[in-house]
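Input: a single structure, listed below in structure tokens.
What follows draws every value from the coordinates through simple rules; no lab data is involved. What you see is a predicted model; the values in this text were computed from it and never measured. Note that we place each Cβ from the backbone using ideal geometry, even for glycine, and neighbour counts take in every protein chain shown.
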Amino acid sequence: MTTDSTKPEIPPWLYKLFTGKQYPYIRRLAKFEKKDRIIGDPSSEPTREEIDAKFWEIYPQCSAKIMQEIKKGMIVSFTDLEVYPPGTYQELVERPEEFLAREYGRKKIKLNFYYGDNFVCTINFKVAGWASHDDD
């Protein structure tokens, strides 16, 4: 995703997760930094360059939290499996399916990213051929 040698390689799925419209944390921060923004004016939306700059400010400081989905009857809950501090999960983002299968086995996994205590975004994985909660 980047050619700057000081920045880690970012897979397209991760960049879209962080900067897309589904989870607006990065976009909102970029938008609020615009000094000339007019509330409600579509031209006040951040540019791609502003979003990229905010992404590279926030992403390197994000931690990753891995949780397993547990379903009992109609109730879905999550059990924490691991928290990876900023800068320690490059293999996870490069090859998430392989990494999660090797480290955690056949599970339904939720991966959350946090900037300090602030939730940034999430993605779910059905790992290693996971088909149902009966497999757990």
Q: Can you tell me the dipole magnitude for the chain around its Cα centre, using point charges on the Cβ only (Lys, Arg +1; Asp, Glu -1), in Debye to the nearest 20?
A: 420
**Q.** Positive-end extreme of charge dipole, the chain - chosen from 8, 68, 100 (charges on Cβ)
**A.** 68
Q | GNM flexibility winner over the chain from 88, 122, 19 (Cα, springs under 10 Å) | A | 88
Q. Restricting to lysine pairs 8 or more places apart or on different chains, what number in the chain have Cα atoms under 13 Å apart?
A. 9
Q: Just the Kirkwood number for the chain, please: inverse of mean 1/r across all distinct Cα pairs, in Å, one decimal.
A: 16.5
(Q) Using only Cα atoms and rounding to the nearest 10 degrees, what angle (0 to 90) does helix 48-58 make with the longest principal axis of the chain? (A) 50
Q: Identify which of 52, 117, 36 has the largest mean-square fluctuation in a Gaussian network model of the chain, with springs joining Cα atoms closer than 10 Å.
A: 36
